[in-house]
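See structure below.
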Amino acid sequence: MAQFGEDIFFSTIAELNARLKKREFSARELAAAFCDRLEKTGPKYNALALSLRDLAMRKAADVDDDLRRERFRGPLQGIPFAVKDLLTVAGKPTTWGAEPYAGQVFDYDATVIDKLEGAGAVLTGKLAMVELAGGGGYRYPSASMTGPGLNPWDVTRWSGGSSSGSGAAVAAGLTVFAIGSETSGSIMTPAAFCGVTGLRPTYGYVSRYGAMALSWTMDKIGTLCRSAEDCGLTLQEISGGDGKDPGSAGKRFYYAPQFVRKFADLTVGYAPSDFEESAAESSRPALREAWRVIKDMGFRLKEVELPDFPYGAVTGTIIRAEGSAVFEPLIAGGQVDRLADKDQIAGLKAGLEIPAKDYLRAMRIRRLIQDEFRKLFVDVNVLVTPSRFGPASKVEERLGGAGDAKPKSRGLRDLIPAGNLAGLPALSLPCGFDGGLPLGISLVGRPFYENTLLAVGREFQQATDWHRRRPPATT
Amino acid sequence: MRAAYTRREVGAALLAAAPALAAVPPQQETKAQDPLEEARRSVREAAGELAAFPLEMSKEPSFVFKP
């Protein structure tokens with residue numbers, strides 16, 4: 001039986017896959033080690049929703065059989081992963097992080113899980129999340145059936161949401177990579193707060209079949225990983241058309257950062273205010289340094305600012321109207337009152353009262369936002385801004401407090417709601433610390449240009465080692 | 001452009017606001033935050049922001065959203 005040191009839990013996909021192929025250890029041994037760690041340490045961060053050890057061991061045995069026969073299925077073969085508990089696994093509970101759905105069981109696997117298992121990856125568990133992905137507008141990190149997501153870097157801090165468990169589990173080495181979802185910030189935020197690399201793919205790139213719906217026009221499935229490289233490898237497997245998802249773009253992603261244009265021919269758009277008055281004062285030195293590293297890569301630079309749109313009102317109206325329509329039976333039946341967060345309950349109820357004309361007006365303004373991004377991306381290839389403008393908040397703190405004060409200049413500050421409205425891809429990279437807490441910088445590009453973001457991210461991670469840092473005492 | 005603000009639209013806006021207004025007697029507006037009233041207020045504020053944004057009549061939403 002292989003003895004694993006701490007390093008194994010912080011290895012990348014390529015590193016682990018190479019060692020599996022060399023038979024340094026078996027897929028079963030690796031899966032068992034990750035299951036042990038997930039079961040033992042996951043609850044410490046309120047990150048574990050459900051261990052799937054039985055499935056993992058069966059799958060790992062199949063992988064070992066394949067490896068023995070030299071049937072190599074690609075870089076994810078034998079790699080342990082875990083998923084946000086909004087994805088269905090046949091015959092296992094899928095709670096959506098919400099008490100009213102605690103006993104819910106589906107009889108099919110989500111497409112993403114089918115694809116990953118087809119590539120030989122080993123599903124070890126389901127990860128905690130903010131209840132119903134926060135669609136009603138939660139105000140406290142405690143808005144989850146499993147309690148607030150705790151940050152492995154400091155358990156008095158939030159791990160971010162709504163993919164709380166996905167961020168914490170990757171940061172603490174409980175899984176090699178995790179699947180999360182984003183409607184507006186749910187991958188970018190935990191990736192930044194937990195110091196991991198997060199990829200929100202273009203809307204429609206990854207099938208949502210088997211995923212809880214919150215906003216049909218905004219939901220996206222993505223990955224939280226150790227590196228930009230790992231994000232590329234995982235997206236390659238989970239992308240692709242799916243007739244079972246009406247939002248599917250019918251496109252497959254091939255990870256090929258080597259074919260991206262020379263950086264000297266790319267233009268990066270940025271707003272100086274993002275790294276100054278928009279950011280928390282204590283975070284500015286690290287964010288400025290990260291921005292300096294990117295500038296030194298040789299891009300053409302252009303100062304930009306998001307056009308003046310009511311991003312918050314448009315995003316809020318669309319998510320509330322669609323989310324309340326999704327959960328109308330829960331609201332009408334009164335079970336909504338069993339949710340953990342009062343603001344979330346109220347938000348879902350109020351969302352049912354949004355008139356059609358307001359929803360449609362929001363969708364019409366959204367079209368203008370998309371048009372403006374198309375114009376912006378004629379001259380600019382990548383937008384760069386802090387993923388969040390300060391570190392993780394305290395667990396008991398009301399969200400949207402300190403560090404979120406509105407500065408005079410808009411800059412790219414609203415890029416999370418704006419980018420989500422336009423369905424744009426985004427990559428969050430760990431970029432330093434503020435008081436021992438991780439910070440992230442994000443790259444946003446035009447639809448289906450993930451390879452450009454990943455190439456820049458890979459270069460950034462060759463020049464820095466923030467993505468290699470580990471939280472103290474993770475076991 | 002004036003046709004965009006017909007009596008029908010004004011009437012619809014008033015109707016939309018009516019249930020929320022009826023549900024909240026004025027004296028309660030100043031009381032401590034009832035989460036539902038807070039959420040309704042937030043929805044109304046968002047609607048106000050959307051209504052204030054200039055929009056051409058011809059601008060159509062994308063019902064099958066594609067990025």
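Ignoring any ligand, DNA or RNA, what whole percent of the accessible area of segment A:312-358 comes from carbon and sulfur when the probe is 1.4 angstrom?
53 percent
Report, in debye and to the nearest 20, how large the dipole of segment A:208-309 comes out about its Cα centre when Lys and Arg carry +1 and Asp and Glu carry -1 on their Cβ.
440 debye
Give a residue-ordered list of calculated ³J(HN,Hα) values for segment A:225-240 (Karplus: 6.51 cos²θ - 1.76 cosθ + 1.60, θ = phi - 60°; whole Hz; x for Gly, Pro).
Result, ordered by residue: 9, 7, 7, 4, 4, 5, 4, x, 5, 6, 4, 4, 7, 8, 6, x Hz.
Residue separation times 0.36 nm, minus the C-alpha to C-alpha distance between residue A:379 and residue A:296: what's the value?
Extra length from residue A:379 to residue A:296 when fully extended: 27.9 nm.
For the protein assembly as shown, give the share of DSSP beta bridges that are antiparallel, in percent and rounded to the nearest 5; count only bridges with both residues there. Don't skip to the end; give the middle numbers.
Details: 33 of 47 bridges.
Percent antiparallel among DSSP bridges in the protein assembly as shown is about 70.
Just the Cα atoms of segment A:6-257: what Rg and Dmax do they give in Å?
Taking only Cα atoms of segment A:6-257, I get Rg and Dmax of 16.4, 53 Å.
Which whole-Hz ³J(HN,Hα) couplings does segment B:51-59 yield from phi under the Karplus relation 6.51 cos²θ - 1.76 cosθ + 1.60, θ = phi - 60°, glycine and proline marked x?
5, 6, 7, x, 9, 5, 4, 6, 6
How much FRET efficiency would the formula 1/(1 + (r/R0)^6) give for residue A:281 and residue B:34, where r is the Cβ-Cβ distance and R0 is 56 Å, rounded to 0.05?
That gives a FRET efficiency of 0.95.
What is the magnitude of the charge dipole of the protein assembly as shown about its Cα centre, with +1 placed on the Cβ of each Lys and Arg, -1 on the Cβ of each Asp and Glu, and no other charges, expressed in debye to the nearest 20? Don't jump to the answer; show the numbers that get you there.
On the way: 68 positive and 65 negative charges, 157 e Å.
Result for the protein assembly as shown is approximately 760 debye, rounded to the nearest 20.
Find the Rg to Rh ratio for chain A, where Rh is the Kirkwood radius over alpha-carbon pairs and Rg uses the same atoms.
Values: Rg = 20.7 Å, Rh = 21.9 Å.
Value, to two decimals: 0.94.
Go through A:206, A:146, A:250 and say which Cα lies farthest out towards the positive end of the charge dipole of chain A; charges sit on Cβ, +1 for Lys and Arg, -1 for Asp and Glu.
A:250
Heavy-atom accessible area per residue, the protein assembly as shown, 1.4 Å probe: how many Å²?
39 Å²
Take the Cα gyration tensor of segment A:81-160, multiply each eigenvalue by 5, square-root it, and list the three semi-axes largest first, rounded to whole angstrom.
One finds semi-axes of 24, 16, 9 Å for segment A:81-160.
Using R₀ = 30 Å, calculate the FRET efficiency as 1/(1 + (r/R₀)^6) where r is the Cβ-Cβ separation of residue A:6 and residue A:335; round to 0.05.
The computed FRET efficiency comes out at 0.10.
Using the Cα centre of segment A:312-358 as the reference point, and only Cβ charges (+1 on K/R, -1 on D/E), how large is the resulting charge dipole? Debye, rounded to the nearest 20.
The dipole magnitude comes to about 20 debye.
What is the set of long-range amide H partners of residue A:157 at a cut-off below 5 Å, with H atoms built 1.01 Å from backbone N?
Residues meeting the criterion, in which the H sits 1.01 Å from N, are A:151, A:395.
Mind checking which of A:165, A:373, A:82 is farthest towards the positive end of chain A's charge dipole, using Cβ charges of +1 (Lys, Arg) and -1 (Asp, Glu) about the Cα centre?
About the Cα centre, the residue reaching furthest to the positive side is A:373.
Give, in nm to one decimal, the length gained when the segment between residue A:105 and residue A:371 is fully stretched (0.36 nm per residue of separation minus the Cα-Cα distance).
91.6 nm
Please give the total accessible area that chains A and B bury against each other, computed with a 1.4 Å probe and expressed in Å² to the nearest 100.
Accessible area lost upon association: around 2800 Å².
How about segment A:4-101: which chymotrypsin sites (Phe, Trp or Tyr not before Pro) there lie in a loop by DSSP and see at most 14 other Cβ atoms within 10 Å?
Loop-located and lightly packed - A:72.
Which of the residues in segment B:38-56 lose at least 40 Å² of accessible area when you go from the chain alone to all protein chains together (probe 1.4 Å)?
By number: B:39, B:40, B:43, B:49, B:50, B:53, B:55.
The values are calculated or read from the model by the stated rules, or taken from the named source; none is laboratory data. Here the structure is a predicted model, which means the values were calculated and not measured. Reconstructed Cβ throughout: ideal geometry from the backbone, glycine too, with neighbour counts over all protein chains shown. With ligands, DNA and RNA removed, areas are computed over all heavy atoms of the protein, side chains included. Shrake-Rupley method; radii C 1.70, N 1.55, O 1.52, S 1.80 Å.
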